């Protein structure tokens, strides 16, 4: 992956949630999926800002749905991974796995 294209922690969370949710990936669902799996509270603004950044990088696309067919129903901004997004997520998770699953050489892993 070229320099500057590495994913940050929250970008990985958002992209993983999008992958897991498939066609049901939109702002609130993404936030709930991250909260459910990580135990971390998520601000909606952080999700929307991250999706916008990922879209600028060409890693996701978005489209707005028709409003829900209920009184006061709102449109949803659905998110999908692009092919480069799927590759970037796979690369980031492979790097994390290599780092986390590698045997320690220093006994306590550098912790004091």
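The values are calculated or read from the model by the stated rules, or taken from the named source; none is laboratory data. Not measured: the values here are computed from a predicted model. Here the Cβ is made from the backbone with ideal geometry for all residues, glycine too, and neighbour counts use every protein chain on show.
Below, the figures for the structure above:
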| read-out | value |
| --- | --- |
| Any hit, the stretch 62-71, residues being outside any helix (DSSP H, G or I) and at pLDDT 95 or above | yes |
| Answer from 76, 53 - the residue that is surrounded by 14 or more Cβ atoms within 10 Å (Cβ to Cβ), under 22 Å from residue 21 (Cα atoms) and at pLDDT below 85 | 76 |
| For residue 94: the one exception among (1) surrounded by 13 or more Cβ atoms within 10 Å (Cβ to Cβ); (2) closer than 18 Å to residue 6 by Cβ | (1) |
| Which numbered condition residue 48 misses (of (1) in contact with a strand residue (DSSP E or B) (Cβ under 6 Å, 6 or more places away or on another chain); (2) surrounded by 12 or more Cβ atoms within 10 Å (Cβ to Cβ)) | (1) |
